[in-house]
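Peer 1: Sharing a structure here in structure tokens format.
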Amino acid sequence: MSLEVLERHSEALFEFLWCPVCGQEVFTHIPFEGVFCKNCNTQVVLRESRENRGYEEAVLACFDTDSTWNLHVDEKLRRDLPDGSARAKILGAPGAYEIDWWSPAPGEDWEPVERGEFDDVEEPDEVSHLA
């Protein structure tokens, strides 16, 4: 018996994707469990969008912080998602992806962490052991 593996989304999509909780770009796939941010463990599920508006790919990236560790520590370099989840619609093709929209929409109460937003910020020593 052999296991058939379906490649539903290209590696280029994961190279474009980043975590809206911590801004990191590295994701880990755990077979039969899902895909998680390697830095904060936020889960990401990719779904094909119902409409693609003529783009080669149209994907909904659904982020969930149920499994994310230490969001209660404000000093950690991350930002929680509203109600623990958010979605982004990604349009384009390999090498030319763009975010079409976020749900909920970024605004006064929530703003997704941008790619690498905390890269230049030093984490306080007293909390570095909490992740």
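The values are calculated or read from the model by the stated rules, or taken from the named source; none is laboratory data. Just so you know, these numbers come straight off a predicted model, no measurement behind them. Cβ placement follows ideal geometry from the backbone for every residue including glycine, while neighbour counts extend to all protein chains displayed. For the accessible areas, the whole protein counts, side chains as well, though only heavy atoms, and no ligand, DNA or RNA atoms are used. Shrake-Rupley method; radii C 1.70, N 1.55, O 1.52, S 1.80 Å.
Peer 1: Only residues that are over 14 Å from Arg87 (Cα atoms) and among the acidic types (Asp, Glu): list them for the range 98-119, please.
Peer 2: Glu108, Asp109, Glu114, Glu117, Asp119
Peer 1: Let me ask something else about it. I need the full set of residues from the range 25-61 which are modelled with pLDDT under 90, in contact with a Phe, Trp or Tyr (Cβ under 7 Å, 6 or more places away or on another chain) and closer than 16 Å to Glu117 by Cβ, in order please.
Peer 2: Passing the criteria: only Cys40.
Results for (1) part of a loop (DSSP other than H, G, I, E, B); (2) open to solvent by 40 Å² or more (accessible area, probe 1.4 Å); (3) modelled with pLDDT of 90 or more, shown as yes or no for each residue.
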position	(1), (2), (3)
Thr68	yes, no, no
Lys76	yes, no, no
Ala86	no, no, yes
Ala96	yes, yes, yes
Pro106	yes, yes, yes
Glu111	yes, yes, yes
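Peer 1: Something else: Based on what the data block shows, is Asp64 modelled with pLDDT under 80 and open to solvent by 20 Å² or more (accessible area, probe 1.4 Å)?
Peer 2: no
Peer 1: Let me ask another. Would you be able to tell me the number of residues in the range 102-122 that are in contact (Cβ under 8 Å) with a residue 60 or more places away in the chain and charged (D, E, K, R)?
Peer 2: Going through the range 102-122 one residue at a time, the tally reaches 4.
Peer 1: Then there is this: For the range 6-51, give me the residue count where each residue is in a loop (DSSP other than H, G, I, E, B) and aliphatic (A, V, I, L, M).
Peer 2: The number of residues fulfilling the criteria is 4.
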